[in-house]
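Everything below concerns the one structure shown next.
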DNA sequence: AGCGTAAATGTTTTT
DNA sequence: CATTTACGCT
């Protein structure tokens, strides 16, 4: 960390850095916990009791010599006392990692104050105006980290009086005017500020304060006072921890939140969980089976570290894969500890990388307002590029290109690092390289670029790397088995030599290999971090015994496991219910009946989930649910921010923020139609290519209708310049012509347009919500939110509704009752996986699905299913056969009697008996055929299969059979020896 | 240019 | 089946 260049108190200057005041959630009169950013010291103070010795330090012998620690605060009067201390010691925040650039300094100050809980607290006290007293010192050198800002905390009436009484002059400044002033590119320094205040012309009561000899003297005095106190304390005892120190300070009479909380934290943990939580500060791997309290261990660990004084909330980094998981962690943490979780580094890999890249956009060579491409955007960018490069999209399917590019980035490889032994790959690499250039030119990054760029930033910039390494003493990773090589390298880089990486994962739940996840990272972790303690959490608190036994039996079929067997104290519970329906519609009908019954028995709809392998399956289920009048929510699938009209609206905003974003420009240049046709766009692209500029620049030079378009964007931009986000949104929707466009729809499209209008309205709502929930309410921030959290928050969360989702989306969740639907060979396991011969991941997926259930589990399948407009016939999933017969209860009658199920041979039986007299048989399209479609058959050579089509009749005909092992084949009945089974 | 209709094509899981 | 592309007409 850079020295505080302006301070005359070199050793004390560090004290100024990083105070946190966590005021929220502390009840009046109670003690509150405080932390020091630098050394992680935790201290305690009671409202009104804050004075120098409570607010001091960790003793010099605790390994943090020279670091005086944070100040403390509690609500109301306490914060004023804290503020007093802060100001007396020239207090403020040192926030190097939040500062983006000179231009952005002002916003950073405002944002940080809010983040660190200071302004937040003030808001509750002085609800109208937010004041800060910035004693601003910005010295900006070549080193990005040399940007140093010290801001005092906010000034309220009481504090102003305090200054007056003490003869200290101060500056009062409205955050908004500060922000505005620096919007125009002025650099933030003392002179600039002074000029700004003078220009204000006395509309406010500005009082200036500059560092004076008098103030310096006061500071010296204070330091001496603190030091003296410190000495006496240290002499009396040596403190092994912050807690001991605090106990000592209060001589036992203080009700210790820390002590209470801590024992509360560990309460109810089993020995393994507890061991994991209490591990010393070293790297560790926790193998946590499904339902073993993984999230609990992770959050408790964080709470433990913090309350134990081992680390401050700002000194740790917690990474998850989904926003949902991150949110969950934050929520639980807030419940455990009276701390302000805002500003903590808890988030997804992508979210955290984004945060770092925004903070250091310059070092990362990105524009401040860089936009994020979701996979759809990425694909269209690739298509566009390939067209420009004249790459044959028959030979190089864009999707494959996309996979190639993302895949390599996930391995941490840039185009020039990919090995190529054939011209085909070399060509792909050329596209890859050109794609990156294009993104750079347009100021956009895709998902994997977010990670790679951040990794490279840290790898190349020593100062930054060391800064973050210094800061994040503890790094915690959720779902570690899902990390890809790049993410692992990123973690390694941040962990450095000495930081502790606490990884929680379950190799049996690794279901994201398809997007680059590498379970091998678990072994690498053990090696790279010299992990001595692998703790296995095997007690399951979620499911009844039969469900767990089924899961264990299934997963035992996988090789190369780290080895783990879940057990439970709970009863065996019910058997697993298995139902084979004739068609997907019947399957859905059965499920609906069961749900109704369960609901009558008192199981809430929210406690039930319908899981499926692929999103397409939800359609039939939804249909049945709607007709039955059951309310449900579909998770995943088509997300809010991915809807066409939303994407259009966002494209306008993106283009306003960053005119280089060609993707956004192309999306809206002629939507709503304004007479710019394909030909014009082509010309525009050619012009851009010729002058090597972005489309926007070319458009600015073009004429006619294109000029009009440029005019629209510029008009939007200038009209919304000073508006708050929701109003920007509203203005843009109206004046871009989007809303009028949909309003003018008539006839057949009217209904659809109506829905789109509602969605656009919802977009304004989400902007309003966003402004309320986030301190950084800039447009860029909202756009980032839209790309990274593609609409998780949906209305109706509180409603009692069923959950419909893919198995992937269900990971981490649990329900009383789970229906796993479409348990068919070719669907689950998916055909592609069967073809690739990689059934293990599918099996893990089934394992995840099974272990979601607490009490009741249904496995349902259908003999025939409409898929992509065609009827498919498939056999029961082979996974079903891997489950012990004793655990299963076949609801479909014809299977209950089938004892020989295990050896693969079945008796011939008509379908009719299977469905209790009301069968729904797939009608054979060719009645002449003796072989019914959907009939299970056995072939001498190819094994088991299902008839999927037929031609002709008798011995002259032939049938198509989909064999489990050998795939689909046409067989002539004259020769093929098929046996019905 | 822009619209409408017909044909073709693709389809796992996700930040 | 749902979405994209192709083509032909105004």
Among the range A:712-726, those whose backbone N falls under 19 Å of a label point 7 Å along Cα→Cβ from residue A:778 are A:717-726
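Let me check I have the definition right: for the range A:392-459, take the eigenvalues of the Cα gyration tensor, multiply each by 5, take square roots. What are those semi-axes in whole Å, largest first? Write out the running numbers ahead of the final one.
Working: eigenvalues 87, 37, 21 Å².
Over the Cα atoms of the range A:392-459, the semi-axes work out to 21, 14, 10 Å.
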What does the extension gain come out to for residue A:690 and residue A:838, with contour length at 0.36 nm per residue minus their alpha carbon separation?
48.5 nm
Quick one: if you stick a label point 7 Å off each Cα along the C-beta vector at residue A:400 and residue A:761, how many nm between them?
4.7
Label point distance in nm, residue A:425-residue A:627, each placed 7 Å from Cα along Cα→Cβ
5.3
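If I stretch the segment between residue A:533 and residue A:881 completely, what's the gain in nm (0.36 nm per residue apart, minus their alpha carbon distance), one decimal? Walk me through the numbers on the way to the answer.
Numbers: separation 348, 0.36 × 348 = 125.28 nm, distance 3.67 nm.
Full extension of this stretch gives 121.6 nm more.
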Residues of the range A:750-790 with amide nitrogen under 17 Å from the 7 Å Cα-to-Cβ point of residue A:727?
A:764-765, A:767-772, A:777-779
Pairwise label distance in nanometres, residue A:559 with residue A:513, each label 7 Å out on the Cα-Cβ vector:
1.2
Where the centroid of each part is defined by its Cα atoms, how far is the range A:602-673 from the range A:448-466 in Å?
33
Net lengthening on full extension, residue A:889/residue A:365 (0.36 nm per residue, minus Cα-Cα)
182.6 nm
Packing-ranked peptide list from A:394-402, A:357-365, highest mean Cβ count within 10 angstrom first, is A:357-365, A:394-402
At q = 0.12 Å⁻¹, what log₁₀ I(q)/I(0) does the range A:614-727 have when each alpha carbon counts as one equal point scatterer in the Debye sum?
-0.58
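Which order do the peptides A:564-574, A:448-458, A:412-422 come out in when sorted by mean C-beta neighbours inside 10 angstrom, highest first? Could the numbers behind the result be given before it?
On the way: A:564-574: 15.3, A:448-458: 22.9, A:412-422: 13.1.
Put in order of decreasing packing, that is A:448-458, A:564-574, A:412-422.
Tell me whether the range A:593-638 comes out rounded, prolate or oblate; compute the Cα gyration tensor, take square roots of the eigenvalues as a ≥ b ≥ c, and use a/c under 1.5 as the rounded threshold. Show your work: numbers first, answer last.
Values: a/c = 2.23, a/b = 1.71, b/c = 1.31.
Prolate is the answer for the range A:593-638, as a/c is 1.5 or above and a/b outweighs b/c.
Only the coordinates and a few stated rules stand behind these numbers; no lab work does. Quantities reported herein were computed from a predicted structural model and do not represent experimental measurements. We place every Cβ from the backbone using ideal geometry, glycine too, and count neighbours over all the protein chains shown.
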